[in-house]
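One structure is given here, and the rest of the page talks about it.
The values are calculated or read from the model by the stated rules, or taken from the named source; none is laboratory data. Please read these numbers as outputs of a predicted model, since none were measured by experiment. All Cβ positions, glycine included, derive from the backbone under ideal geometry; neighbour counts span all protein chains shown. Ligands, DNA and RNA are excluded from the accessible area calculation, which covers all protein heavy atoms including side chains. Shrake-Rupley method; radii C 1.70, N 1.55, O 1.52, S 1.80 Å.
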Amino acid sequence: MLATSAATAGATSHEGAGVPSPCAHCGLPVPTALHEDGARAQFCCGGCRAVFEILHDHGLDRYYEFAERRTTPVVRTGRSYDEFDHPDFHELYVQRTADGLSRVHLYLEGVHCASCVWLVERVPLVLPGVVRAELHVGRSQATLEWDAIRTPLSEVARFLESLGYVPHPYRGIRAGEVRRAEDRVALTRIGIAGAIAINVMLPALAMYSGWLSAGIEADFERFFRWTSLILTVPAILGPGRVFFTGAWGALRTRSLHLDVPIAIALAAGFVRGAVNTVTDTGPIYFDGVSVLIFLLLIGRFLQQRSQRAAAAASELLSTVTPNGARMVDEQGVVREIPATALLPGMTMDVRAGETLAADGVVVDGQSTLDLSLLTGEPRPVSVDVGANVYAGTLNVAAPLRVRVVRSGESSRVARLLQQVEQSARRRAPIVLLANRMAGVFVIVTLVLALATYVLWYRDDATRALDHAIALLVVTCPCALAMATPLAVTVAAGRAARRGIFVKGGDALESLSRPGLLFIDKTGTITEGRSSLLQWHGEESLKPLVLSLEQGSTHPLAEGFRQAFAGLETPPVESSTHVPGGGIRGRVLGHDVVIGSPSFVSSAATGATSCREMHGDPAYTPVWIAVDGVVRARAAFGDAIRVDARESLDRLRAQGWRVRMLSGDVSDVARAVGSELGLAVVDCMGEMSPEAKLRQVAEARAADPGRTVVMVGDGVNDAAAMAAATVGIAVHGGAEASLATADVYLTTPGLSVLVELSAGAANTMRVIRRNIAFSLAYNVLGVGLAITGVINPLLGAIMMPMSSLTVVLGSWLGRTFPRVS
């Protein structure tokens with residue numbers, strides 16, 4: 001085949017030049033130990049060899065003709081993917097098609113170019129039972145349709161992995177489909193309304209031209225009237241129906257909003273225009289009515305897009321817990337099952353580097369857990385037999401056997417995320433400034449229309465009715481309805497270009513009023529990771545430490561690697577990790593022990609002199625012993641962000657009261673607070689997720705009118721963020737906190753908080769100015785209608801001009817700084 005000959009030629013030429021041969025599949029250099037003399041193709045690993053043989057055996061060698069293709073070796077996980085065949089998995093992720101097939105959406109690792117699309121979409125040619133395979137390269141999302149009776153999904157998953165694409169269930173696909181369906185319906189309405197408005201304007205322009213000149217023949221005018229009526233009926237009954245539905249709902253619940261005056265204006269204009277068309281007298285308002293429907297639908301779409309609610313608790317849960325787990329049966333056999341199939345009493349096998357899928361009790365093993373998901377703190381915690389462990393926490397060091405106590409929706413993290421969803425539902429949707437004025441607006445407009453009719457009735461009853469209808473049409477709150485969503489959309493767009501993503505105008509409105517700001521310590525005020533802050537010892541010891549810590553998964557090992565980056569590392573002769581203690585090994589003929597003071601002092605002398613080194617209680621101490629003697633001491637801590645003090649000072653100057661919440665011990669919280677200029681009473685430590693939620697809820701209950709903001713980065717902050725008036729997730733936050741937040745900051749540091757607060761205040765000024773413009777336009781329209789000056793042409797000009805004023809006011813308003 002072409003690929004084989006190309007690979008062979010490449011191998012020969014490289015061997016002749018004394019250069020390692022390229023892998024026939026991925027093109028990476030083949031290690032000398034894997035080079036096979038005389039072989040037609042060379043491979044850098046067994047995974048690449050397996051893929052190459054699969055493609056060759058099934059006639060898919062054309063893959064190697066792509067100029068851009070995979071440049072990384074194929075990694076095999078060894079998973080059986082048996083959980084993909086479990087009924088619970090199918091209930092969550094698999095759909096049935098109309099022709100009896102099964103459909104699933106999978107996220108594939110390693111997708112990056114057109115060759116991946118070509119290869120994945122050839123799966124139906126290789127696997128029996130697979131009918132369709134499509135790959136969206138941008139989202140790495142594969143859509144598969146297959147006959148589940150002929151081929152189990154686990155076999156499809158194993159085959160995809162054998163090609164180098166490790167599959168995962170594509171979470172949130174159903175919610176995404178619902179949102180896309182809603183958007184399609186809204187955009188379809190807008191498209192239909194726009195097409196109708198354009199076509200209605202054509203006969204309207206013809207009639208206006210005749211009105212401005214010598215006149216228009218009666219037959220043509222009648223034709224244009226009826227054409228306009230026929231075109232406007234679908235606009236009223238189709239796209240415009242949403243306003244009448246909303247108005248009826250408002251009247252039934254006795255809660256007036258802008259749909260009521262809009263529906264009155266549309267109905268009045270359409271009915272009077274229809275009557276005048278039938279009687280062949282007076283003005284028609286079909287052009288104004290159709291254009292109003294089009295513009296109002298645009299404003300409503302923008303508003304709905306900016307007010308999307310947070311994800312449901314079930315979706316949030318899937319972002320922080322694994323979808324699968326390993327269950328140990330009574331015979332000791334380990335089987336992979338979906339996490340949803342875990343039941344109390346089962347035993348989980350949790351390997352190092354894996355996330356726990358359920359709450360439980362350790363029944364075998366010792367390890368270290370990263371609890372930052374629940375506590376927000378980067379310090380690992382040692383666990384032993386009998387310790388309680390929780391879903392969503394990361395097993396760092398060694399394998400564990402855990403007896404399941406609570407799983408699924410009853411786990412601690414699930415209950416926490418259910419509180420997130422309940423808080424989001426309890427949070428009343430903001431009543432925008434325009435809607436607050438709807439009740440008064442309706443009454444004033446109807447009274448003025450009645451007064452206009454009475455004023456002109458004595459002269460001419462027909463003209464009186466036309467002037468009253470003209471007032472209702474010209475005062476239709478189109479500009480008022482667009483004032484807020486347009487300003488919010490423009491401001492949100494500019495904020496996004498500054499790394500500030502705002503989900504809705506209610507967040508900006510609340511942030512424009514300074515109140516109480518709760519802010520998480522770890523990851524928000526601080527860097528959120530353990531860094532080497534102090535080193536007491538000889539410089540010559542650093543390479544020994546770095547060599548031993550290179551292969552460790554412990555968070556403190558990463559701190560050593562970052563601090564000692566660039567140093568040459570001598571080879572490690574042997575190493576042993578001791579859960580809960582540290583690591584020991586032999587480097588360059590020296591016995592090296594690294595770990596907690598108690599662990600190191602039990603294996604070395606010199607601990608007394610080391611204890612005399614004064615250390616900050618906020619830091620985590622690590623001792624280093626070489627050849628049985630303690631030779632160095634390191635201190636790890638979470639460094640405060642460089643812009644934290646200045647940013648908090650500026651926020652306080654804007655009127656915010658700042659309180660710090662931390663899951664860390666109180667002494668550490670107070671020490672950090674003192675560096676930031678916070679009072680002791682405003683520095684709260686040892687705060688669990690439930691305690692943070694309680695603090696926010698009590699603050700809102702004590703003063704319901706005050707803005708309460710929660711700023712955080714983890715799942716432990718998510719419930720408090722949902723309960724706050726505004727929740728803000730900072731750069732690097734957990735996915736659940738991002739889904740809960742009203743605002744997401746992608747720029748590291750706290751200075752962006754200052755920019756957000758100032759931008760929110762500027763946005764509210766633009767909104768108020770837009771509302772003032774629209775009200776001024778309505779006052780002018782009322783005056784012209786009452787005096788009888790207004791006519792259909794003037795009304796047709798005034799309506800788009802009012803909307804254009806709002807558009808320009810929103811675009812030119814100074815909300816967030818522009819990005820050049």
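Of all helices (runs of 4 or more DSSP H) completely enclosed by the range 468-574, which ones contain at least 1 residues that are under 30 Å from LEU750 (Cα atoms) and either in the same structural domain as SER290 (by TED's automatic domain parsing) or modelled with pLDDT of 75 or more (or both)? Spell out the reasoning first.
Working: elements: 478-497, 505-511, 542-549, 555-563.
Here the list reads 478-497, 505-511, 555-563.
For SER674, state whether it is under 29 Å from the mean Cα position of the chain (by Cα) and small (Gly, Ala, Ser).
No: the conditions fail for SER674.
For the range 700-731, which residues satisfy the criterion of being in a helix (DSSP H, G or I) and buried (at least 24 other Cβ atoms within 10 Å of the Cβ)?
VAL715, ASN716, ASP717, ALA718, ALA719, ALA720, MET721, ALA722, ALA723
For GLU573, are the conditions met, namely being surrounded by 15 or more Cβ atoms within 10 Å (Cβ to Cβ) and of a type in the set (Asp, Glu)?
On the way: surrounded by 15 or more Cβ atoms within 10 Å (Cβ to Cβ): no; of a type in the set (Asp, Glu): yes.
So GLU573 fails the test.
Determine which single condition GLY663 fails, assuming it passes every other condition in (1) farther than 22 Å from VAL752 by Cα; (2) open to solvent by less than 10 Å² (accessible area, probe 1.4 Å); (3) not polar (S, T, N, Q).
Unmet condition: (2).
Check whether at least one residue in the range 186-200 is hydroxyl-bearing (Ser, Thr, Tyr) and either modelled with pLDDT under 85 or assigned to a loop (DSSP other than H, G, I, E, B) (or both), and report yes or no.
No, the range 186-200 contains no residue that is hydroxyl-bearing (Ser, Thr, Tyr) and either modelled with pLDDT under 85 or assigned to a loop (DSSP other than H, G, I, E, B) (or both).
Every residue in the range 525-557 that is surrounded by 17 or more Cβ atoms within 10 Å (Cβ to Cβ) and charged (D, E, K, R), please.
Of everything in the range 525-557, those that are surrounded by 17 or more Cβ atoms within 10 Å (Cβ to Cβ) and charged (D, E, K, R) turn out to be GLU527, ARG529, LYS542, GLU549.
Taking the condition free of Cβ contacts under 8 Å to residues at least 60 places away in the same chain and of a type in the set (A, V, I, L, M, F, W, C), does LEU678 pass?
Values: free of Cβ contacts under 8 Å to residues at least 60 places away in the same chain: yes; of a type in the set (A, V, I, L, M, F, W, C): yes.
Taking the combined requirement at face value, the residue satisfies it.
Sort out which residues of the range 187-201 are without any contact (Cβ under 8 Å) to a residue 40 or more places away in the chain and loosely packed, with under 14 Cβ neighbours inside 10 Å, and write them in order of number.
In the first step, residues of the range 187-201 are kept if they are without any contact (Cβ under 8 Å) to a residue 40 or more places away in the chain; the result is 188, 191, 195, 198-199.
Once the filter is applied, which keeps residues that are without any contact (Cβ under 8 Å) to a residue 40 or more places away in the chain and loosely packed, with under 14 Cβ neighbours inside 10 Å, the range 187-201 yields THR188, GLY191, ILE198.
Can you name the residue in the range 202-246 that is in a helix (DSSP H, G or I) and of a type in the set (S, T, N, Q) and is also surrounded by the most Cβ atoms within 10 Å (Cβ to Cβ) among such residues? Step through it out loud before you land on a result.
Start the filter on the range 202-246 by keeping residues that are in a helix (DSSP H, G or I), which leaves 202-212, 218-237, 241-246.
Still in the running and of a type in the set (S, T, N, Q): 209, 227-228, 232, 245.
Details: SER209: 10, THR227: 18, SER228: 26, THR232: 28, THR245: 12.
Among residues in the range 202-246 that are in a helix (DSSP H, G or I) and of a type in the set (S, T, N, Q), the one surrounded by the most Cβ atoms within 10 Å (Cβ to Cβ) is THR232.
Counting only residues that are of a type in the set (Ser, Thr, Tyr) and at pLDDT below 85, which one in the range 750-786 is most open to solvent (accessible area, probe 1.4 Å)? Reasoning before the result, please.
Our first condition is that a residue be of a type in the set (Ser, Thr, Tyr); within the range 750-786, this holds for 751, 757, 763, 774, 777.
So of that shortlist, the ones also at pLDDT below 85 come out as 774, 777.
Numbers: SER774: 3, TYR777: 29 Å².
It comes out as TYR777.
Can you name the residue in the range 669-682 that is open to solvent by less than 10 Å² (accessible area, probe 1.4 Å) and hydrophobic (A, V, I, L, M, F, W, C) and is also farthest from VAL752 (Cα to Cα) among such residues?
Start the filter on the range 669-682 by keeping residues that are open to solvent by less than 10 Å² (accessible area, probe 1.4 Å), which leaves 669, 673, 676.
Still in the running and hydrophobic (A, V, I, L, M, F, W, C): 669, 676.
On the way: ALA669: 23, LEU676: 17 Å.
Out of the qualifying residues, it is ALA669.
Are there any pairs with C-beta distances below 7 angstrom linking a residue in the range 275-294 that is in the same structural domain as LEU472 (by TED's automatic domain parsing) and within 11 Å of ALA235 (Cβ to Cβ) to a residue that is in a loop (DSSP other than H, G, I, E, B) and open to solvent by less than 10 Å² (accessible area, probe 1.4 Å), with the two at least 6 apart or on different chains, and if so which?
The qualifying pairs are LEU292/CYS476; ILE293/PRO239; ILE293/GLY240.
If a residue must be closer than 27 Å to GLY46 by Cα, among the β-branched types (Val, Ile, Thr) and open to solvent by less than 40 Å² (accessible area, probe 1.4 Å), how many such residues does the range 125-167 contain?
Within the range 125-167, residues that are closer than 27 Å to GLY46 by Cα, among the β-branched types (Val, Ile, Thr) and open to solvent by less than 40 Å² (accessible area, probe 1.4 Å) number 5.
How many of the residues in the range 247-273 are open to solvent by 20 Å² or more (accessible area, probe 1.4 Å), of a type outside the set (Val, Ile, Thr) and at pLDDT 80 or above? Outline the logic, then answer.
First pass over the range 247-273, keeping only residues open to solvent by 20 Å² or more (accessible area, probe 1.4 Å): 248-249, 251-257, 264, 267, 270-272.
From the residues that got through so far, the ones that are of a type outside the set (Val, Ile, Thr) too are 248-249, 251-252, 254-257, 267, 270, 272.
Of the ones still in play, those that are also at pLDDT 80 or above are 248, 267, 270, 272.
Selection size over the range 247-273: 4.
Could you please give the count of residues in the range 638-657 that are of a type outside the set (Phe, Trp, Tyr), farther than 19 Å from GLU527 by Cβ and open to solvent by less than 30 Å² (accessible area, probe 1.4 Å)? Write out each step before concluding.
First, the residues of the range 638-657 that are of a type outside the set (Phe, Trp, Tyr): 638-655, 657.
Narrowing further to those that are farther than 19 Å from GLU527 by Cβ: 649-655, 657.
Add one more test, that the residue is open to solvent by less than 30 Å² (accessible area, probe 1.4 Å), and what stays is 651.
Within the range 638-657, residues that are of a type outside the set (Phe, Trp, Tyr), farther than 19 Å from GLU527 by Cβ and open to solvent by less than 30 Å² (accessible area, probe 1.4 Å) number 1.
Say we look at the range 601-637 and pick out the residues that are at pLDDT 80 or above and of a type in the set (Ser, Thr, Tyr); which of these is most open to solvent (accessible area, probe 1.4 Å)?
So, considering only residues that are at pLDDT 80 or above and of a type in the set (Ser, Thr, Tyr), the one most open to solvent (accessible area, probe 1.4 Å) is SER602.
Residues checked against (1) on the phi < 0 side of the Ramachandran plot; (2) among the small types (Gly, Ala, Ser); (3) modelled with pLDDT of 90 or more:
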{"position": "SER666", "(1), (2), (3)": "yes, yes, no"}
{"position": "ALA671", "(1), (2), (3)": "yes, yes, no"}
{"position": "MET684", "(1), (2), (3)": "yes, no, no"}
{"position": "ALA691", "(1), (2), (3)": "yes, yes, no"}
{"position": "ALA697", "(1), (2), (3)": "yes, yes, yes"}
{"position": "ASP713", "(1), (2), (3)": "yes, no, no"}
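So the check is Cβ under 7 Å with 6+ separation or different chains; which pairs have a first residue in the range 433-446 that's in a helix (DSSP H, G or I) and a second one that's open to solvent by 50 Å² or more (accessible area, probe 1.4 Å) and at pLDDT below 75?
ASN435/HIS257; ALA438/LEU256; ALA438/HIS257; GLY439/LEU256; VAL442/LEU256
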